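Structure, as structure tokens:
The values are calculated or read from the model by the stated rules, or taken from the named source; none is laboratory data. Everything quoted here is computed from the prediction, not taken from an experiment. Neighbour counts run over all protein chains shown; Cβ positions are idealised from the backbone, glycine included.
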Amino acid sequence: MTKEIINVRRKNKMDILITTVGSSCEPIVNAIKTRKPDFVYFVCSSGKNGSWMSVEAKGKPCQERDKPPLPNIVSQAGLTSEQYKIWLIDDPDNLAHCYDRLMKLGHELKDQFGKTPNITANYTGGTKTMSVALCLMALNQENWDLELNKGPRVDLIKVKTGDVPILMHKWEIFVEH
């Protein structure tokens, strides 16, 4: 999605990004900097070593392979404490639990922002189960867009660098099937 399209959408409605967070900070930071949402929900694993640490732990918790450590996602993206919330998942490999937590997030969104915000679900980070749950949630919500960061893939491990968020056309799934 181009910046022009994002800006047209944002003129009339609040833009909210929901993103699953795993061990890689760079794609999440890229999604935030590209989309420039008004508010971000970080869907993170809980616990002392949970992915929430990448979002707001002090120091330099973002450690990419073969790169120097960087500050947390919030600092890199330039978000204030009023612009985000961490949504914890206690069992990030349990689909029913992840989906239930995201259903609760959906209710909070309606309570907090009403029915009119632009909501984008970016499923790039987190466990596969967290990503599947977020995709299921987005597919079941008419007003949610679905997004994935894509970039050059030099091996089967992960995209190394240069990823950009790409809007998925979720309605193709329903039309074709």
Candidate set from segment 113-136 (those that are out of contact with any strand residue (DSSP E or B) (no Cβ under 7 Å at 6 or more places or on another chain) and not in a loop (DSSP other than H, G, I, E, B)); member that is surrounded by the most Cβ atoms within 10 Å (Cβ to Cβ): Ala133
Does Lys110 satisfy being of a type in the set (Lys, Arg), part of a helix (DSSP H, G or I) and out of contact with any Asp or Glu (no Cβ under 8 Å at 6 or more places or on another chain)? yes
Return the pair list, or none, for Cβ contacts closer than 6 Å from residues in segment 14-29 that are within 17 Å of Leu88 (Cβ to Cβ) to residues that are aromatic (Phe, Trp, Tyr) and assigned to a loop (DSSP other than H, G, I, E, B), at least 6 apart or on different chains. Thr20/Tyr123
For segment 81-89, does any single residue satisfy the condition of being in a loop (DSSP other than H, G, I, E, B), touching a strand residue (DSSP E or B) at 6+ places or on another chain (Cβ under 8 Å) and either without any contact (Cβ under 8 Å) to a residue 60 or more places away in the chain or within 26 Å of Lys36 (Cα to Cα) (or both)? no
Could you look through segment 24-55, keep only residues that are more than 11 Å from the chain's Cα centre (by Cα) and of a type in the set (Gly, Ala, Ser), and pick out the one that is surrounded by the fewest Cβ atoms within 10 Å (Cβ to Cβ)? Gly47
In segment 59-71, is there at least one residue being modelled with pLDDT under 95, among the small types (Gly, Ala, Ser) and either part of a loop (DSSP other than H, G, I, E, B) or in contact with a Gly (Cβ under 7 Å, 6 or more places away or on another chain) (or both)? yes
Could you go through segment 160-172 and let me know if any residue there is within 27 Å of Met53 (Cβ to Cβ) and modelled with pLDDT of 90 or more. no
Here are the criteria: (1) modelled with pLDDT of 75 or more; (2) outside any helix (DSSP H, G or I); (3) β-branched (Val, Ile, Thr). Tell me which single one Ile157 does not satisfy. (1)
